Each structure stands twice: as structure tokens, then as C-alpha cells.
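Have a look at the structure below before the remarks.
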Amino acid sequence: MKRNYWLAGLLAIASLLIVTCTRSVNSNNQAQETRVLPESGFAEPFVVDDNPSPAPLTPEQALHSFRLPQGYHLELVASEPMITEPVAIAWDGNARMYVAQMETYMQDVEGTGEHEPTSRILLLEDTDNDGKMDKRSVFIDKLLLPRAILCVGRELLVSETDTYDMYAYKDTDGDGEADQKRHVYKVGRKAPGNLEHQRSGLDWNLDNWIYITVDPVRFRYRNGMIEADTLTSGNLGQWGLTHDNYGRLFFSQGGAENAGIGFQINPKYGQLNFRDAYDEATFGPVWPIIKTPDVQGGLKRLRPDTTLNHFTAGNGQSIFRGDRLPKTLVGDYLIAEPVARIIRRAKVVDRAGKTTLENVYDHEEFIASSDMNFRPVNTYTGPDGCLYIVDMNRGIIQEATWVGKDSYLRPQVQRLGLDANKQRGRIYRLVYDGLKPGPQPRMLDQKTDQLVKYLDHPNGWWRDNAQKEIVLRGDKSVVPALRQMTLGEKGALSRVPSALGQLHALWTLEGLDAVDKELLFALMQSSDAQLRRAAIWNSEPFLKMDDAQTLTRLATLEEDPSYDVLTQLLLSLNYSQSPQARAVAQGILAKNAGNEMLAAVRESQEKNEAIRTYGSRLGKLDAASRKRVLDGAITFKSLCATCHGAEGKGSPTNLAPVLSGNARRMLGKKEEEIKILLHGLTGPIEEKTYPDLMPPMGANSDEWIASVLSYIRYDLAYAGQNPPRNNPETMEKVLVKPEEVRKVRSQTAGRDHAWTWEELDKAAQ
């Protein structure tokens, strides 16, 4: 039976009139919103299939399961048996497609044999340029769940599960199989954690750094080896990572049910996220066209009609940057939700320098499927200017940890027989009526000077890969041509380059170590805000030397009309220790006191400095909380450690309970712990007897008691465990405030004897 939501259908038709946001410039050159119509709406009303079949569909049947806006269509690029369990793809400069396959992923509800090294990376080719792969070879076999791949020239970088190490593979005899393997990044130890919580990405960004998720590091590829750069404030995200035309990175956190994060500033500067970067009420809900009972979150994540009500596994995101789909799609954020069997489309909106996301459709999704086995896990802009979708096409999409015997999910999986649906996979290409996919590139076979023109290509894939290839070759013979393009001159081109072409030419020069001050000073006067921003970004090597000439030029941008430029100024000036740099930064903040983005940037910088000074955990706390924890540490080490032992690990004579690592027991007992410090504790504790009682500390101030407990709860309780996330909600539960001590002190004012463990337990009930 199918349920027809006619109201939703009317909304879908009305979506023809839905407005979306693009950027324009007012008389002050500030970013503002302009309203334009999307290219199309939906021809069919919104219908939810409330009795879907879990049976696998053939690739041809699956093509009829999709609901898309008018004009859009999906084409099959590859499917089983050619591919099985695909999770990521990458193209080399000649448009040959590499497919990473996790072939041991959840082959039953127990995850049996999941970590056996029997997965593969395939090499697929479209020899007749019809958009469908017709040639296949096993490029690499015997891998352990390959999770990230990146083409570098004629080699493929590969990151596997359970290791930090990376290798480069190469086919030297042209048979489609790698016969050369190099160790390009060696750490030599196992990557910890569930496979869903390990790194992904390997995204070569505009700035020539390679970014990943999860781990606090980014990479530079030099002389055939990977060099690491530590990110002070750590890194973000889970599965999936992408960048836009201007080098802004987009992460997501499926485990946190977060559909987009980390896109305000580059992680090298720290972390900056806004709770309202998207409207939770309108962006958080998802709109499947299929009943979705197989939800790890259980009933709380289901509507009355058993459809998923919120993002739970947002992943595989991309910014569409191609040239063979409607222009209104260019720059949009696309993120997959494999539990909902949908792909969300959002506008990326700049509001006074703050980036926000807005769903394009009202109670609709850009792409939705009624195929229960449609599991989109990655999306990409392809060499042909179209959008590519990687569909694992399987029954189980959660790792064994979340399909345990006592989970809500396992009975649903087994009832529907989803655990039997495996060893398939599809790659789709999204096309549009009247727009023909572009030709295949041959970059690997062309001379370096021929690649320069591609830096101004309308398809972002060509621009990115031409830049990467030129940088990898290190051929400085093209520097003069790149300088001309950067300055907006025709040079080797038949026309004046676009601002995006200038931008890529600049960063290509950066990759060749050929950027000079004169070039940057010229760009700082550009009419394009993103070129001015990039010039500031590239001036950081000179700022680190406190170059007076550079500082003087940057000072002229203090009143720039673009908040993107001002944001970059604040970020980059922080690399200089000179009084002039500090004065310019203070001037920007003073003249834009009401700007949320600039104020947040400054706060992020202060937190980053605190992390450098105090370490990751303490540095992420606000100043007042950090002082409280540090004060508590001094007190504990000078007084409490006598009985509880150094770092709360207990004394040899067992004088008092061990506090280290007892987070699970302690976190819910804030009031009880305050009572103990105020009045003392006597008698057995959890049926264990200690030589002496815990003396009362109530003679000390509320601040003193709060500081000691904050140190114990935040630092000692989590020893050897994952520390708490430093968000306000968690810190409210973990840290102790003086006013909380004051309240308990007032409630127990008449007490003149120590508590017993039984009394505290009874009072807590």
C-alpha cells in the first residue's frame, strides 16, 4: 500500500516558486542575498511507500525507483558484478576511475571476517565515452577495508582501515594492475577505534594541502612523499570531506547527527562552528519516500508513518562544481543520508561572513529512492561535469557495534532479511535534459604548458586536477604564464581569465614555491573579494617573518567591504607578532563590533592559543572553567593526592578510593560529591572498607570546593578514556560551579557529621 500526501504534493508543485540564495554585491560591496528561481520542481506528488520490499532490485529496476526534480535523470555508470561494495572513487588525469571497495564490510549481523585483508581497488575505464564503464581490472587486491584514495600523477595514494600508514601504487607495464608499491607515509602503529570512526578524505584542497577527517593532521605531498602538519585544535568529521571553489572545507558528523560542520574557517586556524549554521528545525528533518524501520536511533528517530525524521548518517558530501548540469546547482552542498535513502541539496549562503546552509526544497529531497537497498555513501563532481553517486546498495549500513544482540536495529534487519543483501554496488551519473556530458581529459599525456589553460576551465574538476598535476610535476617553465593568468592577463589564453582561473593560477604558483610579494600586492587591489582573500592567505610566509612591507599593504585592507576578506585578515595577521599586526586586528574588531563572524574568529584564535599553551583538553575550555580546573589540580596534588594517590590512581596502602578513570560512576553524582567535600565521608564505600574517613572540607570557600571537584571530574575521572566533548551541554554536567556548591551548602547547613555511602545513595533516589 502507498500513502499519497496530497498536501506534500501541492508543496512539491509549489517548489517551482521556492526561492534560493545566491550572492550579490550592494553599493558597499557587502555580500547579501539575492532571490532566484530554481531550475525545476517535481512533476510527481510526494508519495511514501509504506510497504516497501527489501528484495534487491536489478540495476535497471533501481533506475525507476528514484524521485528527482524535472529534467534530471540518473544513468548507470557501473554495477555488480563489475563492482561490489564500493565506497569511494577517484579519477586520474585521464579520467580513469579507481573504485575502493570494502568487500568484507558487514557480511552478516556479527561483522564476521570484517578485518580480513581481502578488499580491493578496481580500475574502470569508459573506452567509448558513452558514460558507462566497459573495461575493468583489479588494480590492488588484499587490502584491509580501503577507506580513502587520491590520484597523484600516475600513482594512487591509498589509506586503509586500522592503520595510519599510506602507500602509493603504480602500474608500470600498462596492464591495469599495480606492480609498484611505495611506503609514502609511515607511522607504524595501529589506528584505534571502530572503523566508522577512522579517517576518510584525502582531499587535495585549493591550498595544495591534503585534508582528512578525524585525525588532527593534514598533509603535503612533496618529492613523492607525504609530510604531515599537526592541527592544533584537532580535526572534524567522519565519513566524507569536500571543498568549494575557494578552498572552504565541508565536514559532517554522522554519529552526532550533524549534516554539515567545519566550514567556517580552515582547520589550520582552529575550530569554529555555529549552532545555527543551519536551522535545525528545517534542515535537520529528512524526507524519505520510503518507510525506514532500520534506524539505529530507534523509535525516537521515526515519524508515526515509520519514516526517518532526522539526519542520522549524513556523509559523502560534495559541493557541485561541474559545468554540465544547471548553473543553479553549481556551488550547492550535496550530502547523502543512506538510512533515509536520500541526497539533500542545500544552498550555501554567506551572511556577513558567516556561512549557513539552507535546504532548497520544502519537505522534499533533491534525490530520493524507494529502493530499500539504496545506500549512497559518496558524491563527486566528475571530469565530464556531471554529478556521480556511489551506492553501496546493501541491506546493512551500520557497523556491528550498532547491530548488537540487544539493539533496536538487529531485529529490524533480520525481520526484513536485509542481512542477506550484500556484494552489490552501483555508481550513478546525474544528467540533465539538453546538457551533454563533457569530454574525457588526457592530462597525464599532455605537456605542462598545455595544462595551464585548464586552470580556467568551467568545470572545477579540471581546474583542481590541472593545478594538482602541474604542482606534482614541479615544472617551473610555466611560471611566467601562471603569473600572467594570476594578474588577469590573456597570456597563453585566447581571453581574459575568469576570477576562478586567476585563483587557481595563484595557488599553482604557491605549489611551485613561486609566489612573491609584488604579485600578492597587485591582487590585494583586485575588484574580486576572493582574490583579495587569497592574496592575504598567501602572504602568511611573509607575516611569519614580520615583513614590514607586507604588513603595511595588509593594513590598507582594514576597511575592506567584504567580510570574507576581513575574516582572512584576522586569521592571517595572527601569524605575526608585530605591534602593527595586532593594531590592525584590533581595528577590524573595533570597527565591526556587531559582526558575529569576526567576533567568533577572535574567540577561536584565543582558544587555539590556549590549546598550544595548556594542551588539547584544557585549552578547549573557556578561560573561567580552565582556571577552575587548574586551581583544583594544584589543591589536589598538594593535599588530596596524599590519600588518593598521584593522579587519583590510589596509594600503595589503599588509604582512599581510586578516582582515576571512574567517569561512568561519578558523572551523575555531582550533588553527592559536593556533600562529601563539605561534610566528609565515613564507612564502607561500595562494600569496600578504607582505614580512615574522608575529612570535611566545608571550611573552604565555594570556589575552592568547585575547583577541586571540577579537576577530579574533568581530568581524573576520564583518565585513559575518551574525554568529554567541550560543548556547553556536556560541560554543564561535568564541571562544578561555585553556585552549585553554595546551593548544597545551604540545603545541608545543619549537618555536623560525615555522610555514609548508604545515605548518599538513598538521598540520590
Open item on the list: at pLDDT below 95 and more than 24 Å from Gly254 (Cα to Cα): which single residue out of Arg483, Arg463, Arg495 fits that description?
Closed with: Arg495
- [ ] Would you check if there is a residue in region 572-580 being surrounded by 22 or more Cβ atoms within 10 Å (Cβ to Cβ), in a helix (DSSP H, G or I) and out of contact with any Ser or Thr (no Cβ under 9 Å at 6 or more places or on another chain)?
- [x] yes
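Every residue, every condition in (1) of a type outside the set (A, V, I, L, M); (2) touching a residue at least 12 places away in the same chain (Cβ under 8 Å); (3) in a strand (DSSP E or B); (4) under 25 Å from Phe250 (Cα atoms), yes or no:
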| position | (1), (2), (3), (4) |
| --- | --- |
| Lys142 | yes, yes, yes, no |
| Arg147 | yes, yes, yes, yes |
| Leu150 | no, yes, yes, yes |
| Tyr169 | yes, yes, yes, no |
| Glu177 | yes, yes, no, no |
| Val187 | no, yes, no, no |
| Arg199 | yes, yes, no, yes |
| Asp207 | yes, yes, no, yes |
| Asp215 | yes, yes, no, yes |
Open item on the list: Can you say whether Gly316 is out of contact with any Pro (no Cβ under 7 Å at 6 or more places or on another chain) and either of a type in the set (Gly, Ala, Ser) or within 26 Å of Asp207 (Cα to Cα) (or both), as far as the supplied structure shows?
Closed with: no
Task: Single unsatisfied condition, Trp239 versus (1) part of a loop (DSSP other than H, G, I, E, B); (2) surrounded by fewer than 23 Cβ atoms within 10 Å (Cβ to Cβ); (3) not hydroxyl-bearing (Ser, Thr, Tyr) - done: (2)
Open item on the list: Please verify whether Glu647 is modelled with pLDDT under 80, assigned to a helix (DSSP H, G or I), more than 15 Å from Met697 (Cβ to Cβ) and in the same structural domain as Ser707 (by TED's automatic domain parsing), treating the condition exactly as stated.
Closed with: yes
TODO: Go through region 414-434 and give me each residue that's closer than 30 Å to Asp92 by Cβ and outside any loop (DSSP other than H, G, I, E, B).
DONE: Arg426, Ile427, Tyr428, Arg429, Leu430, Val431, Tyr432
- [ ] Only one of these is closer than 19 Å to Glu196 by Cβ and buried (at least 20 other Cβ atoms within 10 Å of the Cβ): Leu409, Leu430. Name it.
- [x] Leu409
- [ ] Select the helices (runs of 4 or more DSSP H) contained entirely in region 652-765, then report the ones holding at least 1 residues which are at pLDDT 75 or above.
- [x] 670-679, 702-711, 728-734, 738-747, 757-764
TODO: Would you check which residues across region 109-122 are of a type outside the set (Val, Ile, Thr) and either free of Cβ contacts under 8 Å to residues at least 12 places away in the same chain or surrounded by fewer than 22 Cβ atoms within 10 Å (Cβ to Cβ) (or both) and list them?
DONE: Glu110, Gly111, Gly113, Glu114, His115, Glu116, Pro117, Arg120
Task: Qualifying residues in region 435-447 (those that are touching a helix residue (DSSP H, G or I) at 6+ places or on another chain (Cβ under 8 Å) and buried (at least 17 other Cβ atoms within 10 Å of the Cβ)) - the one farthest from Gly93 (Cα to Cα) - done: Pro441
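A quick yes/no check of all residues on (1) assigned by TED's automatic domain parsing to the domain that holds Tyr164; (2) farther than 30 Å from Val187 by Cα; (3) among the acidic types (Asp, Glu):
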| position | (1), (2), (3) |
| --- | --- |
| Ala228 | yes, no, no |
| Leu241 | yes, no, no |
| Asp244 | yes, yes, yes |
| Phe250 | yes, no, no |
| Gln253 | yes, no, no |
| Asn266 | yes, no, no |
| Pro288 | yes, yes, no |
Task: Matching entry among Glu44, Glu85 (being surrounded by fewer than 20 Cβ atoms within 10 Å (Cβ to Cβ) and not hydroxyl-bearing (Ser, Thr, Tyr)) - done: Glu44
Open item on the list: Take the residues in region 242-263 that are more than 24 Å from Gln467 (Cα to Cα) and at pLDDT 90 or above; name whichever of them is surrounded by the fewest Cβ atoms within 10 Å (Cβ to Cβ).
Closed with: Ile261
Task: Residues of region 318-342 that turn out to be under 18 Å from Asp384 (Cβ atoms), in contact (Cβ under 8 Å) with a residue 12 or more places away in the chain and touching a helix residue (DSSP H, G or I) at 6+ places or on another chain (Cβ under 9 Å), as a count - done: 5
Task: Subset of region 285-307 [closer than 24 Å to Ile261 by Cβ and either at pLDDT 95 or above or polar (S, T, N, Q) (or both)] - done: Pro285, Val286, Trp287, Pro288, Thr292, Gln296
TODO: Would you point out which residue out of Pro411, Pro437 is under 26 Å from Thr127 (Cβ atoms) and either in a loop (DSSP other than H, G, I, E, B) or in the same structural domain as Arg345 (by TED's automatic domain parsing) (or both)?
DONE: Pro437
Task: Number of positions in region 285-312 that are outside any loop (DSSP other than H, G, I, E, B) and within 18 Å of Ser252 (Cβ to Cβ) - done: 2
TODO: Would you point out the residue of region 604-626, among those that are surrounded by fewer than 18 Cβ atoms within 10 Å (Cβ to Cβ) and free of Cβ contacts under 8 Å to residues at least 40 places away in the same chain, that is farthest from Gln577 (Cα to Cα)?
DONE: Ala624
- [ ] Check Asp323 against each of (1) part of a loop (DSSP other than H, G, I, E, B); (2) over 21 Å from Leu76 (Cα atoms); (3) among the charged types (D, E, K, R) and name the one condition it does not meet.
- [x] (2)
Task: Failed item in (1) in a strand (DSSP E or B); (2) in contact (Cβ under 8 Å) with a residue 60 or more places away in the chain; (3) surrounded by fewer than 24 Cβ atoms within 10 Å (Cβ to Cβ), with Arg345 passing the rest - done: (2)
TODO: Say whether the condition of being in contact (Cβ under 8 Å) with a residue 12 or more places away in the chain, within 19 Å of Ala522 (Cβ to Cβ) and out of contact with any strand residue (DSSP E or B) (no Cβ under 7 Å at 6 or more places or on another chain) is met by at least one residue in region 575-590.
DONE: no
TODO: Tell me, please, whether a residue that is charged (D, E, K, R) and either under 28 Å from the mean Cα position of the chain (by Cα) or closer than 30 Å to Trp461 by Cα (or both) can be found in region 411-421.
DONE: no
- [ ] Could you pull out the residue among Ser79, Ser65 that is surrounded by 20 or more Cβ atoms within 10 Å (Cβ to Cβ), over 22 Å from Asp141 (Cβ atoms) and among the hydroxyl-bearing types (Ser, Thr, Tyr)?
- [x] Ser65
Task: Residue identified as over 28 Å from Gln549 (Cβ atoms), among the polar types (S, T, N, Q) and in the same structural domain as Val708 (by TED's automatic domain parsing) among Ser625, Ser616 - done: Ser625
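The values are calculated or read from the model by the stated rules, or taken from the named source; none is laboratory data. Just so it is clear, the model here is predicted, and its values are computed rather than measured. In this analysis, Cβ positions are derived from the backbone assuming ideal geometry, glycine residues included, and neighbour counts consider all displayed protein chains.
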